[in-house]
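Following: one structure in structure tokens, then a few remarks.
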Amino acid sequence: MSDLTPLDILGVDFPRGIRGYDAETVRSFLQQLASSMEELLRERGELRQNLHRNEQELKAYRKRENALQEALVAAQKTAEATMDNAKSDAQRIIQEGHGLADRLVDEAYGRAKNIETTISDLRSRRREVRGELMRLTELLQGFIRDDQQLEQDERSTPQITLLHRREGKRQA
């Protein structure tokens, strides 16, 4: 029945018999059958067009899906590479930071040690200078005592000695 078209149905001529079907009723039924078949064939054509269009859209969607999956895979690989690079950069920066911190601590320790040595040297020098000042003070006090003693001795002895003239010499 798939080979029949609506025109085939309408063009069928039935033989007439004495007791046959009413020709008008048969024609009316065939007319309805042809219209239904024409509608079905038109719908089938539309469905085939829709199916073809849907298949084309499906192909396009599959291409997009593949492109999106490839892009997603590429993005994931890029993200992983970026994360790996970021981790290695972070590790390098941390190591450099630790190295710098160690150097700064070592330098600070060295400076502190130098300052401590300088302070110790200055304290020693202060003690030496204080000792020298004390010796100088004792020396000056000794000079003062000697001067005081000399002054006392000078008071007890006259400073000007009177010279007596010899009488014999004057006549000469």
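Bear in mind these aren't lab numbers, they're just calculated from the coordinates by the rules spelled out. Not measured: the values here are computed from a predicted model. All Cβ positions, glycine included, derive from the backbone under ideal geometry; neighbour counts span all protein chains shown.
Quick rundown of the values:
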item: Inter-label distance, nm, simple model (7 Å from Cα along the C-beta direction), Val12/Ala108; result: 10.7
item: Taking the C-alpha atoms of the chain, convex hull volume expressed per residue in Å³; result: 340
item: Longest exposed-site-free window of the chain, the sites being trypsin sites (Lys or Arg not before Pro) in a DSSP loop that have at most 12 other C-beta atoms within 10 Å; result: 20-164
item: C-alpha center-to-center spacing [the range 38-90, the range 101-119] in angstrom; result: 66
item: Within the chain: Cβ-based charge dipole about Cα centre, in debye rounded to nearest 20 (Lys, Arg +1; Asp, Glu -1); result: 1560
item: Contour minus Cα-Cα distance for Val26 and Glu39 (0.36 nm per residue); result: 2.7 nm
item: Highest-MSF residue in the chain out of Glu154, Glu65, Glu116 [GNM, Cα springs under 10 Å]; result: Glu154
item: Cα-projected label distance for Thr82 with Asp146, points at 7 Å along beta-carbon direction, nm; result: 9.3
item: Nearest-0.05 FRET efficiency for His98 and Ala75, computed from C-beta distance (R0 41 Å); result: 0.75
